[in-house]
Amino acid sequence: MLIPVVLAGGSGTRLWPLSRAALPKPFVTLPGRERSLFQETLLRLGGIAGAPLVVCNEQHRFLAAEQLRQTGIANARIANARILLEPASRNTAAAAALASLAALQTDAKATLLVLASDHLIDQPERLLEAVREAEGFARNGHLATFGVVPDSPATGFGYIAVGKRLGETRACVIDRFVEKPDLATAEGYLAAGGHLWNSGMSLFRADVFLRELKRYDANIYSACELTSEKASHDADFIRFPSNPFSACPNRSIEHAVMEHTEKGIVVPLVGSGWSDLGTWEAVWRHAPQDEQGNAISGDVVARDVHGCHIDAGSRLIAALGLRDLVIVDTEDALLVAECGESWRVGEIVRELVDAARPEVQDHRLVKRPWGSYQSLFQRPGFQVKHLVVNPGEALSLQKHAHRDEHWTVVRGCGIVTCGEREFALGVNESTVIPRQSKHRLRNDSADEPVEIIEVQLGGYLGEDDIIRYDDRYGRSS
């Protein structure tokens, strides 16, 4: 069977403020959908593919693992996925190389289907048709990519100029790859035909891809080969060392291999409803809309509103007399933009990064492998949080240098370690965790979470004020 390689990197900027650095687009559940884009990618392959290889950043390993667990409860194929952790982002060529090397350890003729984890495909059966057509070519040594038949003169995608058709199939030789064009050029492509949007999805035998990579970009090949030789296995994860991977060039599959190889072909993807959801305008276009063309979710009261995307995440939004706006509300940030200008949200994110604003990194609700915490209120010198420790989980044994913590249990019963003491703490009971004391909260219940209200007091309350001595999730300092 095919091995899906799901690339789940990303910086979390294009769909800010819903997407953040700590919760990038692949792992976000968009308004009106039941699953994240990452989970939808895993599920759309039906019965044609085997256990996936997921390539993600070290920072997002627990997000990927938990969403895999949720998706794999009723799907053994997904439950058997392996997660490869990149120590740094080096684009798709390096990710595909690491995945190819991992696949070849168990199957000398492994065939990989490389997928972005943050794309939308409304008609997945059309993708499956194209995959079946490309699979025969791939097993015979071709490197296949998938080109979306354009329905508009889009300027946000790269294009593939197609060459001669291969027999009676829809597959074609790749003439050339074209960078994102200006509007006039894109209109010419649409009128003349012979050009497809580059979807970024690929299908090839792992050994063939590595041979072509070694031929056309030996630096990437060598760095990934050396990195793979030093891989280590840790619970659900395959870890790679930062050295020599940090020396790997940052190039896409297209730039490293597909633009040069003579083995490249393209299979058209027709009527699939594909989108890379690169802007809030694209999200609006693919969302269910009312008679006025509005995509509305959450607590919204709208009067005389047309062509708007409104997502009320944390409070009531009352909208009057609006046209063609994107409004996305979260607990700590509100985006308001003209629909056609939503592609510029990256400018706002860069300004926030320069100002070291926390809104680009985390939501107030932050997922952790043991559960979650939510910042409820913060002022200079103190902060109030709500912590949820899932059944059977535990925080790391840790200490803080700059803050004291006051814990009050509001649900369940936790086991507290503080210094040399270990004791149970139940509902409506409190304890104080002095700064510099080693401490931990553990939930031994099999079915009930432990919830506490944590009040932090101190001159510095940053999340980096922590030393971990023991951690079951591999995060010890």
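Taking the condition under 24 Å from residue 172 (Cα atoms), open to solvent by less than 30 Å² (accessible area, probe 1.4 Å), of a type in the set (Gly, Ala, Ser) and in a helix (DSSP H, G or I), does residue 144 pass? First the steps, then the outcome.
Working: under 24 Å from residue 172 (Cα atoms): yes; open to solvent by less than 30 Å² (accessible area, probe 1.4 Å): yes; of a type in the set (Gly, Ala, Ser): yes; in a helix (DSSP H, G or I): no.
No, not satisfied.
Can you tell me which residue is surrounded by the fewest Cβ atoms within 10 Å (Cβ to Cβ) among those in the stretch 338-357 that are touching a helix residue (DSSP H, G or I) at 6+ places or on another chain (Cβ under 7 Å) and without any contact (Cβ under 8 Å) to a residue 60 or more places away in the chain?
So, considering only residues that are touching a helix residue (DSSP H, G or I) at 6+ places or on another chain (Cβ under 7 Å) and without any contact (Cβ under 8 Å) to a residue 60 or more places away in the chain, the one surrounded by the fewest Cβ atoms within 10 Å (Cβ to Cβ) is 340.
Inside the stretch 240-250, can you point out the residues that are touching a residue at least 12 places away in the same chain (Cβ under 8 Å) and either closer than 26 Å to residue 109 by Cβ or in a helix (DSSP H, G or I) (or both)?
240, 242, 244, 245, 248
Search the stretch 86-107 for residues being over 20 Å from the mean Cα position of the chain (by Cα) and more than 17 Å from residue 143 (Cα to Cα), and hand back the single one that is surrounded by the most Cβ atoms within 10 Å (Cβ to Cβ).
Filtering first and then ranking leaves 102.
Being of a type in the set (Val, Ile, Thr) and modelled with pLDDT under 95 is the filter; apply it to the stretch 255-281 and report the residue that is most open to solvent (accessible area, probe 1.4 Å).
270
Can you find, within the stretch 393-434, the residue that is farthest from the chain's Cα centre (by Cα) among those that are surrounded by 15 or more Cβ atoms within 10 Å (Cβ to Cβ) and among the polar types (S, T, N, Q)?
Going through the qualifying residues, I end up with 431.
Residues that are among the aromatic types (Phe, Trp, Tyr) and touching a residue at least 60 places away in the same chain (Cβ under 8 Å): list the helices (runs of 4 or more DSSP H) wholly contained in the stretch 1-112 that include at least 2 such residues.
none
Within the stretch 436-469, track down each residue that is more than 28 Å from the chain's Cα centre (by Cα), exposed (fewer than 15 other Cβ atoms within 10 Å of the Cβ) and either closer than 11 Å to residue 399 by Cα or β-branched (Val, Ile, Thr) (or both).
The answer is 436, 469.
With 78, 3, 83 as the choices, which residue is farther than 27 Å from residue 357 by Cβ and either basic (Lys, Arg) or open to solvent by 10 Å² or more (accessible area, probe 1.4 Å) (or both)?
3
On the given criteria, is residue 157 touching a residue at least 60 places away in the same chain (Cβ under 8 Å), part of a loop (DSSP other than H, G, I, E, B) and under 21 Å from residue 117 (Cβ atoms)?
Working: touching a residue at least 60 places away in the same chain (Cβ under 8 Å): yes; part of a loop (DSSP other than H, G, I, E, B): yes; under 21 Å from residue 117 (Cβ atoms): yes.
Yes.
Being within 15 Å of the chain's Cα centre (by Cα) and open to solvent by 80 Å² or more (accessible area, probe 1.4 Å) is the filter here; which residues of the stretch 358-372 pass it?
If the condition is that a residue be within 15 Å of the chain's Cα centre (by Cα) and open to solvent by 80 Å² or more (accessible area, probe 1.4 Å), then 367 is the only one that fits.
Report yes if some residue within the stretch 283-301 is assigned to a helix (DSSP H, G or I) and either at pLDDT 95 or above or surrounded by 20 or more Cβ atoms within 10 Å (Cβ to Cβ) (or both); otherwise report no.
Step one: of the stretch 283-301, the residues assigned to a helix (DSSP H, G or I) are 283-285.
Now drop any that are not either at pLDDT 95 or above or surrounded by 20 or more Cβ atoms within 10 Å (Cβ to Cβ) (or both), which leaves 283-284.
For the stretch 283-301, residues assigned to a helix (DSSP H, G or I) and either at pLDDT 95 or above or surrounded by 20 or more Cβ atoms within 10 Å (Cβ to Cβ) (or both): present.
Among the residues of the stretch 307-330, are any under 24 Å from residue 463 (Cβ atoms), touching a helix residue (DSSP H, G or I) at 6+ places or on another chain (Cβ under 7 Å) and not in a strand (DSSP E or B)?
no
With 83, 73, 78, 48 as the choices, which residue is in contact with an Asp or Glu (Cβ under 8 Å, 6 or more places away or on another chain) and over 27 Å from residue 279 (Cα atoms)?
Details: 73 fails: in contact with an Asp or Glu (Cβ under 8 Å, 6 or more places away or on another chain); 78 fails: in contact with an Asp or Glu (Cβ under 8 Å, 6 or more places away or on another chain); 48 fails: in contact with an Asp or Glu (Cβ under 8 Å, 6 or more places away or on another chain).
Sole residue among the options that is in contact with an Asp or Glu (Cβ under 8 Å, 6 or more places away or on another chain) and over 27 Å from residue 279 (Cα atoms): 83.
Collect the residues in the stretch 178-217 that are part of a helix (DSSP H, G or I), open to solvent by less than 40 Å² (accessible area, probe 1.4 Å) and touching a residue at least 12 places away in the same chain (Cβ under 8 Å), keeping them in residue-number order. Outline the logic, then answer.
Applying the first criterion (part of a helix (DSSP H, G or I)) to the stretch 178-217 yields 183-192, 206-216.
If we keep only those that are open to solvent by less than 40 Å² (accessible area, probe 1.4 Å) too, we end up with 186, 188-189, 206-210, 212-213.
The answer is 186, 189, 206, 207, 208, 209, 210, 212, 213.
Quick one: what pairs do we get from the stretch 303-326, first residue in contact (Cβ under 8 Å) with a residue 40 or more places away in the chain and over 13 Å from residue 292 (Cα atoms), second outside any loop (DSSP other than H, G, I, E, B) and among the small types (Gly, Ala, Ser), C-beta under 8 Å, 6+ apart or different chains?
Partner pairs satisfying both residue conditions: 311/297; 311/298; 313/298; 326/337; 326/342.
Going through the stretch 218-239 one residue at a time, which ones are open to solvent by 80 Å² or more (accessible area, probe 1.4 Å) and in a strand (DSSP E or B)?
If the condition is that a residue be open to solvent by 80 Å² or more (accessible area, probe 1.4 Å) and in a strand (DSSP E or B), then 233 is the only one that fits.
The values are calculated or read from the model by the stated rules, or taken from the named source; none is laboratory data. Values in this document were obtained by computation on a predicted structure and should not be read as measured data. Please note: Cβ atoms are built from the backbone with ideal geometry, for glycine as well, and neighbour counts cover all protein chains shown. Protein only, heavy atoms only, side chains kept; ligands, DNA and RNA dropped before computing areas. Shrake-Rupley method; radii C 1.70, N 1.55, O 1.52, S 1.80 Å.
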